[in-house]
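Chemist: Could you have a look at this structure, given as structure tokens, before my questions?
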Amino acid sequence: MKQISGGVTAPMGFTASGVHCGVKKGKGDGNQPARSGMPEVLADKKDLALIVSEQPCAAAAVYTMNRVKAAPIYVTMDHLENGEAQAIVANSGNANACAPNSHEHAEEMCVLAARATGLKPEDFVVASTGVIGQELNIDAIGKGLPQAAAALSRDGSDAAANAIMTTDTVKKELAFTCSIGGKTVTLGAIAKGSGMIHPNMGTMLCFITTDCAITPELLSDALHEIVPRTFNRVTVDGDTSTNDMCVVLANSMAGNPLIEWKDDGYTVFVKTLRHLCEQLSRAIAADGEGASKLITCTVQGARSEESAERLAKAVVGSPLVKAAMFGSDANWGRVLCAMGYSKAPFRPEYVDISFSSAVGEILVCKQGAGVDFDEESAKSILSQDEVVITVTLSEGEDSATCWGCDLTYDYVKINGDYRT
């Protein structure tokens, strides 16, 4: 496995673009001030992205667990019922959720994208992200799609990654290669996610492309195997969005033997896809709204992977743990408390807790009780960009890792005026 540049256009046969069409107010020139309390995000406020494959693709997707789902989710579900797609159209700045004419606008986005690219409406995955409850400016999208289609290029991943950002402070774009059946297979991705993030696909869009030859059925199996162990282990604020989806398109252009069984080729593909999704999960957690540090929690020695995951999620999702991490306060009691209300089985008297980062590691709890430790050393460890909380249960062989971020003043500022 090797990391390369190129994002969603790194695999053979994919082009992408990102343009400003007017869903977001003002084109921007890089000198506009951010909204009150919000970090500077986009240099040019791109708000419309296209990703297109030269050939039809096997396609699979995982969607938000929220009972309230945005219209693009339902349209995409319908289009992917046959396990095929060829392109993705997505906008930022408006979620097209719980809004007037939302379903009609989601379908119209596909019609307009098809008209601009020469494909069919049902060839498209459609996605939206942004403010809920406001009618989508479909006229702006209609005017922007010919421009986006004209801008499609093998270097367009960067523009597409920027076009799907909302409160993200950094773009999320990755690509990896692996070898399957003697052929180089490439997987690329762009993603967005910063706030309204909670396990079970919290506010994120992730578009994955690959030139691997794989059946739609096994592509779906791979995605459904990986998402629960990556994106569903991220939490920023406990809110699950209405629009989230993770989609993968595979156009078979790498020329590898078709993966139609769970053989060695499938194993390599799944390993690469998991690594890609894990790195994006970490990036989303680290870019949580207002965040100053990434929090990683690993629970080991658990009775089952499920209980380890439940415990780790409770820790990274705890507002009190997150606040303590913001203050670089080694308040390990909050970690144990969060574990206690997780509803996962464990014996508190067996629990060891340590904090670590790039500058060292410190044990703060052993067998459920506090131990003497140097407060200054602990503060130094907790002041780094990534803090790792390791919980050892000594009850079994299973483990799980979840990701979150600290809770800062800026989170409230950003979300206090998000709509206005």
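The values are calculated or read from the model by the stated rules, or taken from the named source; none is laboratory data. Keep in mind that what you see is a predicted model, and the values were worked out from it rather than measured. For neighbour counting, all protein chains shown are included, and Cβ atoms are generated from backbone atoms with ideal geometry for every residue, glycine included.
Chemist: Quick check, is Ser281 polar (S, T, N, Q), outside any loop (DSSP other than H, G, I, E, B), crowded, with 16+ Cβ neighbours inside 10 Å and at pLDDT below 95?
Modeler: Spelling it out, Ser281 is indeed polar (S, T, N, Q), outside any loop (DSSP other than H, G, I, E, B), crowded, with 16+ Cβ neighbours inside 10 Å and at pLDDT below 95.
Chemist: What number goes with the only condition from (1) touching a residue at least 60 places away in the same chain (Cβ under 8 Å); (2) under 23 Å from Phe231 (Cα atoms) that Gln384 does not pass?
Modeler: With respect to (1) touching a residue at least 60 places away in the same chain (Cβ under 8 Å); (2) under 23 Å from Phe231 (Cα atoms), Gln384 is out only on (2).
Chemist: Further, regarding this structure: Can you name the number of the only condition in (1) surrounded by 18 or more Cβ atoms within 10 Å (Cβ to Cβ); (2) part of a strand (DSSP E or B); (3) of a type outside the set (Val, Ile, Thr) that Glu361 fails?
Modeler: With respect to (1) surrounded by 18 or more Cβ atoms within 10 Å (Cβ to Cβ); (2) part of a strand (DSSP E or B); (3) of a type outside the set (Val, Ile, Thr), Glu361 is out only on (1).
Chemist: Under the condition of being buried (at least 24 other Cβ atoms within 10 Å of the Cβ) and of a type in the set (Gly, Ala, Ser), which residue from the range 176-194 is modelled with the lowest pLDDT?
Modeler: Ser194
Chemist: Restricting the range 375-420 to residues that are out of contact with any Ser or Thr (no Cβ under 9 Å at 6 or more places or on another chain), surrounded by 15 or more Cβ atoms within 10 Å (Cβ to Cβ) and not in a loop (DSSP other than H, G, I, E, B), which is modelled with the lowest pLDDT?
Modeler: Top of the filtered list is Tyr411.
Chemist: Take the residues in the range 298-341 that are small (Gly, Ala, Ser), out of contact with any strand residue (DSSP E or B) (no Cβ under 7 Å at 6 or more places or on another chain) and under 19 Å from Lys379 (Cβ atoms), then tell me which one is surrounded by the most Cβ atoms within 10 Å (Cβ to Cβ).
Modeler: Looking at the filtered set, the residue picked out is Ala324.
Chemist: Ser307 fails exactly one of the following numbered conditions: (1) of a type in the set (S, T, N, Q); (2) assigned to a helix (DSSP H, G or I); (3) closer than 23 Å to Glu375 by Cα. What is the number of that condition?
Modeler: Of everything listed in (1) of a type in the set (S, T, N, Q); (2) assigned to a helix (DSSP H, G or I); (3) closer than 23 Å to Glu375 by Cα, Ser307 misses just condition (3).
Chemist: Which ones in the range 284-304 are among the small types (Gly, Ala, Ser) and either at pLDDT 90 or above or part of a helix (DSSP H, G or I) (or both)?
Modeler: Answer for the range 284-304, where residues must be among the small types (Gly, Ala, Ser) and either at pLDDT 90 or above or part of a helix (DSSP H, G or I) (or both): Ala285, Ala286, Gly301, Ala302, Ser304.
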